[in-house]
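Heads up: the structure comes next, in structure tokens.
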Amino acid sequence: MTTTRPPAALSEPVERVGRGWTAALSLANGAIWVGWFGPLQILLASQAGDFAPGSGMSKETMLAWVTGAGAVVSMIANPVFGALSDRTTSRWGRRTPWIVAGAAGGALSLLLLAGAGGVWTMALGWCLVQLTLNAAFAAVTAAVPDRVPRLQRGAVGGWLGAAQILGVVGGTGLATAAGGIGAGYAACAVFTLAGVLPYVLRYEDLRLADAERPPWDWRGFLAGFWLSPRRHPDLGWAWLTRFLINLSNSLVLLYLLYYLRDRLLRPDPDEGVLILTAVNGLTLLGTVVVGGVWSDRVGRRKPFVLWSGALMAVATALLSGWQTWPGAIVAAAVLGIGFGVFTSVDFALMTDVLPKALDRGKDLGVINVANALPQVAAPALAAPIVTYLGGYRVLYLVAAVIGLAGAGLVSRIRGVD
């Protein structure tokens, strides 16, 4: 009796990927994060400060509305583009066309955002950035379960996580060093587009033949975005863990510039954000790859997610109880240690609980909603806390409790050690 092997694009990978492939994909991932976090850390907050006077909104409220609108777009775009890449039968493969189109569109959208003249054009530009860069990010993320065997995913996830934080630091640095809002956006746009080129030019993507693509059905396509927690309980608990820990992290980052300026009275809050981001990045880099490799070697994921989430909650609580510049530096360092381990191991855990090879891009897109939805929830939760319910001390205490709850829920996952 003979068995039919699934096509290469839909097979479970068994051959380990090389360092060059991992480095190129990591650079592409980092470039996308430059395009996101140059604006999020510095440029959008600066524009909100410029546009708020006379608008009837505070700068905090304006920033919350703009980032919240962008997060809604991100939440929809990531799974949709992931699903479209699953079904793409291009001669260049399933993922590469979307990486190229998304990065190019993201660069153009950042340049549009640079010319924003008010809150509406600012919101439109940021929504376009989220739409396009999520097309590229969905494809980059899906390339991992396409090509990387299970017992190498912690290590590859670690390098992707390292690139992510370097993208955050790099985007913040470019936005700060460029010397202005327009120049900052231009610098981020150039880096975002250039960073994906080594991967798409050097490495051939797996192709899906027309015969291997299922027939098109609108009802089935839309229904596929609902992954029932009852049918896939491990995926549901893993999603909720990621959502709560990312919500905690989003609450920490959203008003960081204003926290330094208005609460700690830093004379140069832009530079303060860059310093804290760099400290966080250094400690994260010290643990992100090590945590992923260690998880691969012992074949376990949950203990790493549990203890890294608990450590992040401790760091967030420090921002509530020790509201000084030294306290902020210590909190940033401890947060980086925990988030480094969480970033790599949680990514590997997510790829381990995917239901079907045919829907990797779509399913990872649904999972990535747990990254985008906190950007919607965080402004809605943070703005009233800061304005009416106790300020930054209460905000960071709430964030710590949410993060600790997320870490505890990982114990409910049964199918992964």
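The values are calculated or read from the model by the stated rules, or taken from the named source; none is laboratory data. Bear in mind that the values here come from a model prediction, so they are computed numbers and not experimental data. Positions of Cβ are backbone-derived with ideal geometry, glycine not excepted, and every protein chain shown enters the neighbour counts. Please note that ligands, DNA and RNA were not included when accessible areas were found on the heavy atoms of the full protein model with its side chains. Shrake-Rupley method; radii C 1.70, N 1.55, O 1.52, S 1.80 Å.
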Checklist entry - Can you give the calculated 222 nm mean residue ellipticity of the chain, where each DSSP H run of n ≥ 4 adds -39,500 (n - 2.57) and the sum is split over every residue, rounded to the nearest 500 deg cm²/dmol? => result -25500 deg cm²/dmol
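Averaged per residue, what accessible surface does the range 1-149 expose to a 1.4 Å probe, in Å²?
Working: 5790 Å² over 149 residues.
Each residue of the range 1-149 exposes 39 Å² on average to a 1.4 Å probe.
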Checklist entry - Quick one: which of 158-166, 83-91, 374-382, 33-41 comes out on top by average Cβ neighbours within 10 Å, and what's the full order, highest first? => result 33-41, 158-166, 374-382, 83-91
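With helices defined as uninterrupted DSSP H runs, which ones in the chain have an alpha carbon span along their own long axis of at least 15 Å and mean Kyte-Doolittle hydropathy of at least 1.6?
Result, helices passing both filters: 96-114, 391-409.
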Next on the checklist: Could you compute how fast the range 300-389 diffuses translationally, taking Rh as the Kirkwood radius over C-alpha pairs and applying Stokes-Einstein at 25 °C with viscosity 0.890 mPa s? Give it in µm² per second.
Outcome noted: 161 µm²/s
Next on the checklist: Leaving out ligands, DNA and RNA, and with a 1.4 Å probe, what % of the accessible surface on the chain is carbon or sulfur?
Outcome noted: 66 percent
Item to check | Relative contact order (percent, whole number), the chain, Cα cutoff 8 Å, 6+ residue spacing | outcome: 27 percent
Item to check | Rg/Rh for the chain, where both radii come from Cα atoms and Rh is the Kirkwood radius | outcome: 0.96
Next on the checklist: Per residue, how big is the convex hull of the range 58-103 when only Cα atoms are used? Give it in Å³.
Outcome noted: 56 Å³
